[in-house]
Amino acid sequence: MISQFHSDVFRWINDLGKQYSVLNPAVVFLAEYMVYILAVSMMIYWITRSVQNRMMVLQGGISFIIAEILGKTAGLLYYHNQPFAVLPEVNQLIEHEIDNSFPSDHTILFFSICMSYWLFRKKSGWLWLVLACCVAVSRVWVGVHYPVDIAVGACLGILSAVLVYWIESKSALLAKCLGWYVQIEQRILPSRSKSKDV
């Protein structure tokens with residue numbers, strides 16, 4: 001069962017959609033479609049052929065996998081349906097099937113990737129973390145998650161990204177694998193000039 005505190009915080013955020021309905025289209029875009037922007041960013045970073053960028057994307061992807069596994073495990077231990085399936089008069093702005101909303105998969109994805117971006121790019125990485133926060137809040141705004149779903153998802157994403165970054169700094173295993181990949185790629189798609197790390 002959701003505590004009264006989380007229910008109240010959910011209501012406060014979700015009701016913003018009623019008070020500031022002009023913002024709803026932008027929030028819906030964040031909640032549903034920003035994931036495609038994140039995917040495009042990963043592809044762009046990868047095709048730069050910068051070793052640093054590729055390591056960042058690789059670590060972000062692995063961080064997401066680890067965080068998602070942890071999230072699914074947490075979901076087996078604790079279960080609750082989406083707010084729109086339980087609470088009356090929820091301002092639901094997007095369609096969503098009824099299942100376990102704990103923790104938020106969207107939040108896990110954005111924080112695992114965006115935290116990896118920040119670990120590699122401290123200056124521009126803050127913008128990605130702000131975006132992750134906006135996406136997380138948007139999932140509550142549109143009525144498909146409680147704040148606790150968001151909080152746990154963010155923690156899992158951040159912790160996984162930090163863990164992968166720390167392990168790689170000690171083992172350099174991913175760097176070796178990436179080096180092998182680059183050698184194979186250069187034989188198949190040789191570049192005209194060596195890319196510089198950014």
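Assorted remarks:
- Number of residues in the stretch 4-23 that are exposed (fewer than 11 other Cβ atoms within 10 Å of the Cβ) and touching a residue at least 40 places away in the same chain (Cβ under 8 Å): the value is 1.
- Residues of the stretch 70-90 classified as touching a residue at least 40 places away in the same chain (Cβ under 8 Å) and not in a loop (DSSP other than H, G, I, E, B), total: 6
- From the options VAL130, VAL140, residue that is over 29 Å from TRP46 (Cβ atoms) and modelled with pLDDT of 95 or more: VAL140
- Residue within the stretch 62-69 that is without any contact (Cβ under 8 Å) to a residue 24 or more places away in the chain, among the polar types (S, T, N, Q) and assigned to a helix (DSSP H, G or I) present: no
- Boolean, SER41 is touching a helix residue (DSSP H, G or I) at 6+ places or on another chain (Cβ under 9 Å) and either among the hydroxyl-bearing types (Ser, Thr, Tyr) or over 26 Å from VAL164 (Cβ atoms) (or both): yes
- Out of ARG187, ARG139, sole residue that is among the basic types (Lys, Arg), surrounded by 19 or more Cβ atoms within 10 Å (Cβ to Cβ) and assigned to a helix (DSSP H, G or I): ARG139
- Unique match (being open to solvent by 10 Å² or more (accessible area, probe 1.4 Å) and of a type in the set (Ser, Thr, Tyr)) among SER112, SER124: SER124
- Residues in the stretch 44-58 that are open to solvent by 40 Å² or more (accessible area, probe 1.4 Å) and either at positive phi or not in a helix (DSSP H, G or I) (or both): THR48, ARG49.
- Per-region count, the stretch 159-180, residues open to solvent by less than 60 Å² (accessible area, probe 1.4 Å) and at pLDDT 95 or above: 2
- Scanning the stretch 24-40 for residues that are small (Gly, Ala, Ser), farther than 12 Å from ALA136 by Cα and in contact (Cβ under 8 Å) with a residue 40 or more places away in the chain yields a total of 0.
- Top-ranked residue of the stretch 59-96 - restricted to ones that are at negative phi and acidic (Asp, Glu), ranked as least open to solvent (accessible area, probe 1.4 Å): GLU68
- When residues in the stretch 91-129 are screened for being closer than 28 Å to TYR79 by Cα, outside any loop (DSSP other than H, G, I, E, B) and among the hydrophobic types (A, V, I, L, M, F, W, C), 8 of them pass.
- Residues that are hydroxyl-bearing (Ser, Thr, Tyr) and at pLDDT below 95, drawn from the stretch 42-64: TYR45, THR48, SER50
- Scanning the stretch 94-136 for residues that are in contact (Cβ under 8 Å) with a residue 40 or more places away in the chain, in contact with a Ser or Thr (Cβ under 9 Å, 6 or more places away or on another chain), hydrophobic (A, V, I, L, M, F, W, C) and within 25 Å of SER3 (Cα to Cα) gives ILE108, PHE111, VAL135.
The values are calculated or read from the model by the stated rules, or taken from the named source; none is laboratory data. Bear in mind the structure is a predicted one, so any value in this text is a computation, not a measurement. Note: ideal-geometry Cβ built from the backbone for every residue, glycine included; neighbour counts use all protein chains shown. SASA here: full protein model, heavy atoms, side chains in, ligands and nucleic acids out. Shrake-Rupley method; radii C 1.70, N 1.55, O 1.52, S 1.80 Å.
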